[in-house]
1. If the convex hull of the alpha-carbon atoms of the chain is projected onto planes in all directions, what is the mean projected area in square nanometres?
2. Report, to the nearest 10°, how far helix 2-26 tilts away from the longest principal axis of the Cα atoms in the chain, using its own Cα long axis and a range of 0 to 90°.
3. Roughly how many percent of the accessible protein surface of the chain is carbon and sulfur, given a 1.4 Å probe and a whole-percent answer?
4. Please work out the FRET efficiency for the pair I34 and R4, using the Cβ-Cβ distance as r and a Förster radius of 35 Å; give the result to the nearest 0.05.
5. I want to check the label-to-label distance for V16 and L50. Put each point 7 Å from Cα in the C-beta direction and report it in nm to one decimal.
6. Taking a probe of 1.4 Å, how large is the accessible area per residue of the chain, in Å²?
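The values are calculated or read from the model by the stated rules, or taken from the named source; none is laboratory data. Note that this is a predicted model, so its numbers are computed, not measured. Here Cβ is always computed from backbone atoms with ideal geometry, including for glycine, and neighbour counts include all displayed protein chains. The area values use the complete protein model at the heavy-atom level, side chains included, leaving out ligands, DNA and RNA. Shrake-Rupley method; radii C 1.70, N 1.55, O 1.52, S 1.80 Å.
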Amino acid sequence: MVARLISQFITLLMLVSIYMCIRSIGRKDKKQAIIWGILFLLPVIFLAVLLIIFGR
């Protein structure tokens, strides 16, 4: 149950961050777009690190 809650939270975070990144690009606000883009990539990077560490 906790794993499902965490995965739904991560999915929501990624959806909101990609939406805000696209919206910032539309407004020509590059600094905010970069911040939202980094927030979008954090779960992906974290998952890749976990797969490298525990995939052995």
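1. Here the figure is 4.2 nm², rounded to one decimal.
2. Orientation of helix 2-26: about 20 degrees from the principal axis.
3. About 78 percent, which is the carbon plus sulfur part of the accessible surface.
4. Between I34 and R4 the formula returns 0.65.
5. 1.9 nm
6. Heavy-atom SASA per residue in the chain reads 89 Å².
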